[in-house]
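Please treat every number below as a calculation from the coordinates, not as lab data. From a predicted model like this one, the values you see are computed outputs, not experimental measurements. All Cβ positions, glycine included, derive from the backbone under ideal geometry; neighbour counts span all protein chains shown.
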Amino acid sequence: MSFTLEIALAVFVVLTAVSAALLRDVLGAIVVFAAFSLGMSIIWVILQAPDVALTEAAVGAGVMGVLFLLTIAKTARPSYDKVVESVNFKAVAVVGVLLLLLLSTVPALPEVGSPDSPAVQERVDGELTPYGYYVQMTPEDTGVQNAVAAVLVFYRGFDTFGEAVVVFSALVGVLVVLGREVER
Amino acid sequence: MSAEEEHEGGSPYTESPVIITTVRAVSPFILTYGIFITLHGANSPGGGFQGGVVMASVAVLFGFAFGIGPTREWIDGRVLLGIVAAGIFVFAGIGLLAPLLNGNVLQLDVMPIAVKWSIEIIEVAIGAIVAGVVAGLFFVLSQGTADNGGDGA
């Protein structure tokens, strides 16, 4: 994957994220936010996280935008004199310092996809790491190939059940708040 | 479904032959892809969460093409709720079956069927939950509250 593409995507994502925060017009912010999610999903593919990329593309770039649009369709859309929010420069300075601090740790990270990265060592001192266990034992324990699915449903099924119930509760919550428990 | 009737919910609907034709052409493929992601999540990227959202996006596309009101009448809300509830019950049922077979809750390798098939069943259940919830949120948010706006369902 070419370095130019990565740089272009990173710039695109940062620009869309900043403009989503700065735009006064909510409709514009929603559209820019969907574009941000689309850029992020391509970055996930480059970082070799296709499961996350699929979720980001379907939920972030697709459904979230639609749900936001439906919600603001219920509200009045005021016209603004200014295109962007006024910026609080003290806050920008604080965020900038924090950003520099965080970025200063980036050179210490291993290269993307590097086999020497501590996170992908299958054995340390001859002992299986959790990563090594999931990668090596998934086919034997479960008979499936996608270790992500195995972790999600087999090794950490209880968490996933919680997630499913949270999604269910979201619908129930919206139905109750909007007073539409029963469709007639 | 005239254009005037569609203004309930505050979202103006324009009947466009371009959108209708496009949605007619692509929706079978999107639905198939959603089912594929759900069923094939065990061996390739994807799974119930992603597949469910892709399946639900077909309902969103129908809403764009034919108007949200007619789509909501076509896909009965009770059916959606039933799909979601069935998904939860299947997931919980499998989880609670394991203690009866001397395992822990959601311990899949004590099941009489291969772990692979338990995972597939749970993925399908998750897909049903997510698809039903996303489509349901889409329809419910388009309707708005029961006491102001909307058709007072």
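With a simple spin-label model that places each label point 7 Å from the Cα along the Cα-to-Cβ direction, the separation between B:A25 and B:L100 comes to 5.1 nm.
Annotation note: trypsin sites (Lys or Arg not before Pro) in region A:1-82 located in DSSP loop regions with a Cβ neighbour count of at most 11 within 10 Å are A:K82. Applying the Kirkwood pairwise sum to the alpha-carbon positions of region A:92-163 produces a hydrodynamic radius of 15.1 angstrom. Across peptide A:71-78, the mean count of Cβ atoms from other chains lying within 10 Å of each residue's own Cβ comes to 3. Is the shape of region B:4-147 rounded, prolate or oblate, going by the alpha carbon gyration tensor and its root eigenvalues a ≥ b ≥ c, with a/c under 1.5 for rounded and a/b larger than b/c for prolate? It comes out oblate by the Cα gyration axes. Rounded, prolate or oblate: pick one for region A:1-109, where a ≥ b ≥ c are the square roots of the eigenvalues of its C-alpha gyration tensor, a/c under 1.5 means rounded, and failing that, prolate if a/b is larger than b/c, else oblate. Oblate, since a/c reaches 1.5 and b/c is not below a/b. Peptide A:156-164 shows a mean partner chain C-beta count of 6 within 10 Å per residue C-beta.
Within 10 Å of the Cβ of each residue in B:100-109, the mean number of Cβ atoms contributed by other protein chains is 3.
When both region A:41-115 and region B:87-113 are represented by their alpha-carbon centers, they are found 39 Å apart.
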